[in-house]
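The values are calculated or read from the model by the stated rules, or taken from the named source; none is laboratory data. Remember, predicted model here, so these are calculated numbers, not experimental data. Every residue, glycine as well, gets a Cβ built from its backbone with ideal geometry; the counts of neighbours run over all protein chains shown.
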Amino acid sequence: MMKTRKTFAILFVIAALLCMAAAAYAADSANQTVTFEVQAINDITVSDSSVNLVINSVTAGGALEPATDSSTTYSVTTNEEGKKITAGIDTVMPTGTALSVELASSKATSAGEVDISNATTGAEVDVVTGLSKCTDSAQTITYTFSATPEAGTVSGTKTVTFTITDAA
């Protein structure tokens, strides 16, 4: 009878341990809610912060030779549709001078060479249109600075700002 009780006690302990192990295994899970979001991304960078344009030649009896520079590039990323890039300058160009810019684009439509001489705040001009959910890197920026003899000798600095904005 003593053996039976010991056997019963051992079987009871084993059964209890198995029940606890099964309960522990069944409770070994948890749930978690994951919230995710991709926010609007519209980013543009330029490869160099400055460009120098110097007019220093002329064909005798003709117009001054414009100065052109294509040494810089821009890169753009947007995850939205219906975007464009505009260009503007901080102040109007001096009388008798003009500043133009052209942005190449492999993912959208370049407006070609665009005069930004008067494109101050509120009068920015479109330089690339049709940007939608893309990256476009190392695209050439071409500046052209021209002047008439009436401009005389002039020098200055302008800040050109490129902005990604809604196309509409």
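Below are the figures for this structure:
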{"quantity": "Qualifying position, being within 28 Å of S105 (Cβ to Cβ) and either of a type in the set (K, R) or modelled with pLDDT under 95 (or both), among S29, S49", "calculated": "S49"}
{"quantity": "Matching residues in segment 121-131 - criterion: being in contact with an Asp or Glu (Cβ under 9 Å, 6 or more places away or on another chain) and surrounded by 14 or more Cβ atoms within 10 Å (Cβ to Cβ)", "calculated": "V125, V127, V128, L131"}
{"quantity": "Residue count, segment 45-60 (criterion: touching a strand residue (DSSP E or B) at 6+ places or on another chain (Cβ under 6 Å) and assigned to a loop (DSSP other than H, G, I, E, B))", "calculated": "6"}
{"quantity": "Pairs where the first residue, in segment 109-135, is at positive phi and the second is part of a strand (DSSP E or B) and among the β-branched types (V, I, T), C-beta under 7 Å, 6+ apart", "calculated": "G130/T109; K133/T78"}
{"quantity": "Identity of the residue in segment 95-129, in a loop (DSSP other than H, G, I, E, B) and among the charged types (D, E, K, R), that ends up farthest from the chain's Cα centre (by Cα)", "calculated": "E113"}
{"quantity": "Test: residue in segment 75-91 that is buried (at least 16 other Cβ atoms within 10 Å of the Cβ), in contact (Cβ under 8 Å) with a residue 60 or more places away in the chain, touching a helix residue (DSSP H, G or I) at 6+ places or on another chain (Cβ under 8 Å) and more than 18 Å from D43 (Cα to Cα)", "calculated": "no"}
{"quantity": "Any chance A138 is loosely packed, with under 13 Cβ neighbours inside 10 Å, of a type outside the set (K, R) and in a strand (DSSP E or B)", "calculated": "yes"}
{"quantity": "Whichever residue in segment 71-112 is out of contact with any strand residue (DSSP E or B) (no Cβ under 6 Å at 6 or more places or on another chain) and acidic (D, E) and, among such residues, is farthest from V128 (Cα to Cα)", "calculated": "D90"}
